[in-house]
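Have a look at the structure below before the remarks.
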Amino acid sequence: MAEVPAGLVAAGGLVGGYGVARWTKRRPLGGVALAAAGAVAAKGWREKAGNGTAAALGGLYVAAFAGSHPLAKKVGAWPSVFGVAGAVAAASWVLADRHGA
């Protein structure tokens, strides 16, 4: 069975975390989804590219989450979330996922 790329997990965490928070009206529940996906993605990054790259991509994941908030004021919530999720997925592909396990 094919492995799910860590970047896809991370992007899904950003989009899914926002979706859960919005639709349940419980921000902490969205945070749980965001954190769980981030932990799974970090494990994949560490296995594929080592601790340093995993730390850098983890930092990008957190920065994307934080940066989506001010960006949403300019472009809207969903476009912001999809934009930062795409950026994290692209960085993950370049730095870790394309290299395989």
Next item on the list: Return the only residue of Val94, Val40, Val62 being over 17 Å from Gly13 (Cβ atoms) and either free of Cβ contacts under 8 Å to residues at least 40 places away in the same chain or among the hydroxyl-bearing types (Ser, Thr, Tyr) (or both).
Entry: Val94
Check: Which numbered condition trips up Ala33, out of (1) touching a residue at least 40 places away in the same chain (Cβ under 8 Å); (2) part of a helix (DSSP H, G or I)?
Finding: (1)
Next item on the list: Would you be able to say whether some residue in the range 49-61 is modelled with pLDDT under 95 and in a helix (DSSP H, G or I)?
Entry: yes
Notebook entry, point to check: Here are Ala89, Ala39: which of them is in contact with an Asp or Glu (Cβ under 9 Å, 6 or more places away or on another chain), in a helix (DSSP H, G or I) and among the small types (Gly, Ala, Ser)?
Noted result: Ala89
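The values are calculated or read from the model by the stated rules, or taken from the named source; none is laboratory data. The model shown is predicted, which means the values in this text are computed figures rather than measured ones. In this analysis, Cβ positions are derived from the backbone assuming ideal geometry, glycine residues included, and neighbour counts consider all displayed protein chains.
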